[in-house]
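Q: One structure coming up, written as structure tokens, with questions to follow.
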Amino acid sequence: MPQDEHKSMKILVGTLYSGENEYEACLTAIRAQADVDFDHLVIESKPELEAHRLLFTYFLERSAEFELLVKVDADTVLSSPYLFKKIIARFEADPGLEVLSIALHDFFTDELINGLQIYRKSVRWNLEQDTIFPDIPLFDPRRYYYDVSELAPAGEHCPNPSYLQAFRYGVHRGLKSIQKIHSTTHWANMQKVWRHFLVRKDKRLGLAVLGAELVYAGVFGRDEQNYTNPKMDQALARYLDFTSDELKREIHRLRLRHWGFLPSDCRRKVLRYLRGKLGGRWDK
């Protein structure tokens, strides 16, 4: 790897891969990073929680080798070959900074989202917790910064998702939107995807919304969110031949049957209680 002699920080780049369409473009953008010293660890086809535990354990056990962990998922394509170099400069300029999140431009919402995560080696995680949010570390919020303007957008999130990838995205976000914590953020995210679908009529956006609606209908639980579980593939087969208009009608049908006649936030609270708490889909 190219190394700038003026920079002392070495980076571990971690990529979790489960068949995402953008994988080759993701690798190309990582390999193009200039004037930095980094190693790249790819973890393939593991359940989400296990994959994160493997990544974070690898990073913690090699804290003598790496100063920073940059998590670049396989659905993310970095925008600049100098991004890692700028990230290093940002951490060197602020020794108190432990966690930096840089916004990405997201295909599903057509907006900036909280995306690229960078951790200093002093960060720790609860690796024993059974959680749907495995990348949230234990840290002082005062040592966290969310960048939406300086280095953002750091890249593109899901610029070319497959049908299955889009469907999985919706199931995953749907589960997050009925959790005890962070439900409001992820619920709002799926409403943005719905509005984007109504404008663009892109079938992939419709499949993402449908995936979330099937969570709200009780079809999918936490065990099915993992890409290694075949249930999502099997469920998707029913809808692959649907047109965008047919997907729209199916989404409307599911919504009406599952509290969709309520105002949006009231519906979220009802589903959060029924599907999340009572349905056993909350973090344990």
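Q: I'm told ALA32 meets every condition in (1) modelled with pLDDT of 95 or more; (2) small (Gly, Ala, Ser); (3) surrounded by 14 or more Cβ atoms within 10 Å (Cβ to Cβ) except one. Can you identify the failing condition by its number?
A: (3)
Q: Would you be able to tell me the number of residues in segment 215-235 that are modelled with pLDDT of 95 or more and crowded, with 24+ Cβ neighbours inside 10 Å?
A: Residues in segment 215-235 being modelled with pLDDT of 95 or more and crowded, with 24+ Cβ neighbours inside 10 Å: 2 in total.
Q: Has segment 43-53 got any residue that is more than 23 Å from LYS231 (Cβ to Cβ) and surrounded by fewer than 22 Cβ atoms within 10 Å (Cβ to Cβ)? Walk me through it before giving the result.
A: Taking segment 43-53 as the starting set, the residues that turn out to be more than 23 Å from LYS231 (Cβ to Cβ) are none.
Checked against the condition, which is being more than 23 Å from LYS231 (Cβ to Cβ) and surrounded by fewer than 22 Cβ atoms within 10 Å (Cβ to Cβ), segment 43-53 yields no hits at all.
Q: Name every residue in segment 190-203 that is part of a helix (DSSP H, G or I) and over 16 Å from ARG238 (Cβ atoms), in order of residue number.
A: Of everything in segment 190-203, those that are part of a helix (DSSP H, G or I) and over 16 Å from ARG238 (Cβ atoms) turn out to be MET190, GLN191, LYS192, VAL193, TRP194, ARG195, HIS196, PHE197, LEU198, VAL199, ARG200.
Q: When both residues are 6+ apart or on different chains and their Cβ atoms are under 7 Å apart, which pairs have a first residue that lies in segment 201-213 and is touching a residue at least 12 places away in the same chain (Cβ under 8 Å) and outside the structural domain of GLU250 (by TED's automatic domain parsing), and a second that is in a loop (DSSP other than H, G, I, E, B) and aliphatic (A, V, I, L, M)?
A: none
Q: Take ARG195 and tell me if it is out of contact with any Gly (no Cβ under 8 Å at 6 or more places or on another chain) and within 23 Å of GLU20 (Cα to Cα).
A: Considered against the rule, which asks whether it is out of contact with any Gly (no Cβ under 8 Å at 6 or more places or on another chain) and within 23 Å of GLU20 (Cα to Cα), ARG195 comes out as no.
Q: To continue, here is another question. Return the residue satisfying two criteria in turn: it lies in segment 175-201 and is surrounded by fewer than 20 Cβ atoms within 10 Å (Cβ to Cβ) and of a type in the set (D, E, K, R), and of such residues it is modelled with the lowest pLDDT.
A: LYS180
Q: Given the criterion among the acidic types (Asp, Glu) and under 16 Å from the mean Cα position of the chain (by Cα), identify the matching residue among GLU65, GLU48.
A: Going through GLU65, GLU48 in turn, just one is among the acidic types (Asp, Glu) and under 16 Å from the mean Cα position of the chain (by Cα): GLU48.
Q: Suppose we filter segment 236-262 for residues that are of a type outside the set (Phe, Trp, Tyr), touching a helix residue (DSSP H, G or I) at 6+ places or on another chain (Cβ under 7 Å) and farther than 19 Å from GLU20 by Cβ; how many remain? Before the answer, list the steps.
A: Step one: of segment 236-262, the residues of a type outside the set (Phe, Trp, Tyr) are 236-238, 240-241, 243-258, 260, 262.
Next cut, touching a helix residue (DSSP H, G or I) at 6+ places or on another chain (Cβ under 7 Å) only: 236, 240, 244, 247-248, 250-251, 254-255, 258, 260, 262.
Applying the additional criterion that residues be farther than 19 Å from GLU20 by Cβ yields 244, 247-248, 250-251, 254-255, 258, 260, 262.
Residues meeting the conditions: 10.
Q: Sticking with this structure for a sec: For ASP135, all conditions in the list (1) under 17 Å from the mean Cα position of the chain (by Cα); (2) acidic (Asp, Glu); (3) modelled with pLDDT of 95 or more hold save one; what is the number of the exception?
A: The one condition ASP135 does not meet is (3).
The values are calculated or read from the model by the stated rules, or taken from the named source; none is laboratory data. Predicted model, so just to flag it, every value in this text is computed and none were measured. All Cβ positions, glycine included, derive from the backbone under ideal geometry; neighbour counts span all protein chains shown.
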